[in-house]
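A short reminder: the numbers here are calculations on the coordinates, not readings from a lab. Every value quoted in this text rests on a predicted model; they were computed, and no experiment measured them. A quick note on method: Cβ atoms are made from the backbone with ideal geometry, for glycine too, and the neighbour counts reach across all protein chains shown.
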Amino acid sequence: MTTALLPSFLLAFFSILIIIFLADNLIPFVESSPPPCGPTYPPDAIPIHPGDIDLMQFPLNLEHLEADYFLYGSLGYGLDKVAPELVMGGPPPKGAMKANLDNLTRNIITEFGYQEVGHLRAIKSTVGGFPRPLLDLSAGNFAKVIDNAFGYHLDPPFDPYANSINYMLSSYVIPYVGLTGYVGTNPFLIGYITKRLLGGLLGVESGQDAVIRMYLYERAKELVHPYNHTVAEFTIRISNLRNQLGMCGLKDEGIIVPLELGAENRTCSNVLSADFSSLSYGRTAAEILRIVYGTGSEHVPGGFFPHGGDGRIAREYLKKVVKGE
Ligand SMILES: *[C@@H]1O[C@H](CO)[C@@H](O)[C@H](O)[C@H]1NC(C)=O
Ligand SMILES: *[C@@H]1O[C@H](CO)[C@@H](O)[C@H](O)[C@H]1NC(C)=O
Ligand SMILES: *[C@@H]1O[C@H](CO)[C@@H](O)[C@H](O)[C@H]1NC(C)=O
């Protein structure tokens, strides 16, 4: 009798040991919550520093320009229809219209347009914002930019809405300026929420610029009808104009460059515009305003912003019109 009981007692004993082992090791593993994701910021870190607000509202000027240019170009209507709450009562853009695009180009630009809507929403919901400034997206305004880039009056005037290549050339004018602005703003931000926002915006603006540049690079040697200038030449001229208006040295390069501007001095192809160490160039708000106003002065509005930009940074410059300027 006792000899028969002993094995079953041992069995029960070992069974309990196994259950304890499982409970300690396997079950917690199976039941544990998903691994932690996303950053945890130090408890004393600042989410949004008061000084970040103006810095992150400033890019709304460019994001508005891009949103309506891309939405109108691809869809034939803009922010008023797609996201009226983001317009905040600003005036409708001048001269924006649907461009004559092939399907590939239209798909790319439609995506870019909606991306800008997301950017506007993200910025306005994080740091607040201002109504859409008055934008001049007329063909005539783009023609003026291209005339200035070439230094003579192109005949017939350059029409950004006429076809896909013209539209992509006119788009070359825009996201790159935003990209350099974000690079320039980055060191001045303090809050982790605003830094994260800027990182996300910079990533997509750079991506848009890369897509546009690649598109143009593939067609670098083609003539832009009916002018006797290649696509590459257009990019070089536009970049030179931006350098000239920005007035702070070389921060902008066309898609074909002399070797000394290529990557490590070894390429003439220049799909991406970058400095000496292949790092993106940065521009200040003042440099950006000089370029998008087309006046070479952050104090004198014009170009894409007939009444100037909005937000404290742009408005302060508008107030300080230097005598004689
Ligand atoms: C372009 O897209 C339209 C509608 O989405 C389609 O009907 C047309 O066949 C496409 N054209 C080409 C060349 O793929
Ligand atoms: C077009 O440009 C090329 C290169 O700059 C030049 O050699 C040629 O003479 C020009 N043709 C016309 C018709 O202007
Ligand atoms: C590229 O050339 C410049 C002179 O034009 C020189 O100063 C620089 O060191 C060169 N860079 C590299 C990476 O070789």
Open item on the list: Need the failing condition index for VAL224 against (1) buried (at least 22 other Cβ atoms within 10 Å of the Cβ); (2) touching a Phe, Trp or Tyr at 6+ places or on another chain (Cβ under 8 Å); (3) over 30 Å from LEU318 (Cβ atoms), just the number.
Closed with: (1)
TODO: Mind listing whichever residues of region 145-171 are in a helix (DSSP H, G or I) and out of contact with any Lys or Arg (no Cβ under 7 Å at 6 or more places or on another chain)?
DONE: VAL145, ILE146, ASP147, ASN148, SER164, ASN166, TYR167, MET168, LEU169, SER170, SER171
Task: Single residue of region 229-240 satisfying the filter (within 23 Å of GLY296 (Cα to Cα) and in contact with an Asp or Glu (Cβ under 9 Å, 6 or more places away or on another chain)) that is farthest from ligand 3 (Cβ to nearest atom) - done: ILE238
TODO: Just one of (1) over 23 Å from ASP147 (Cβ atoms); (2) in contact with a Phe, Trp or Tyr (Cβ under 9 Å, 6 or more places away or on another chain); (3) surrounded by 15 or more Cβ atoms within 10 Å (Cβ to Cβ) trips up LYS195, so point out which.
DONE: (2)
Task: When residues of region 198-211 are limited to those that are among the small types (Gly, Ala, Ser) and either crowded, with 21+ Cβ neighbours inside 10 Å or touching a residue at least 40 places away in the same chain (Cβ under 8 Å) (or both), the one nearest to VAL127 (Cα to Cα) - done: GLY200
- [ ] Could you check MET214 against (1) loosely packed, with under 15 Cβ neighbours inside 10 Å; (2) among the aliphatic types (A, V, I, L, M); (3) under 19 Å from HIS64 (Cα atoms) and say which number it fails?
- [x] (3)
Task: Candidate set from region 241-255 (those that are surrounded by fewer than 18 Cβ atoms within 10 Å (Cβ to Cβ) and within 16 Å of ligand 3 (Cβ to nearest atom)); member that is farthest from HIS299 (Cα to Cα) - done: LEU250
Open item on the list: With the requirement that a residue be β-branched (Val, Ile, Thr), assigned to a helix (DSSP H, G or I) and farther than 24 Å from GLN115 by Cα, what does region 175-232 give you?
Closed with: VAL231
TODO: Consider only pairs whose beta carbons are under 6 Å apart and that are at least six residues apart or on different chains; among these, list those whose first residue lies in region 92-110 and is assigned to a strand (DSSP E or B) and whose second residue is among the charged types (D, E, K, R).
DONE: LYS94/ASP136
Open item on the list: For region 256-312, give me each residue that is within 16 Å of ligand 3 (Cβ to nearest atom), surrounded by fewer than 18 Cβ atoms within 10 Å (Cβ to Cβ) and either of a type in the set (Val, Ile, Thr) or part of a helix (DSSP H, G or I) (or both).
Closed with: LEU259, GLU260, ALA263, GLU264, ASN265, THR267
- [ ] Say whether the condition of being farther than 26 Å from ILE165 by Cα, in contact with a Cys (Cβ under 6 Å, 6 or more places away or on another chain) and in contact (Cβ under 8 Å) with a residue 12 or more places away in the chain is met by at least one residue in region 240-258.
- [x] no
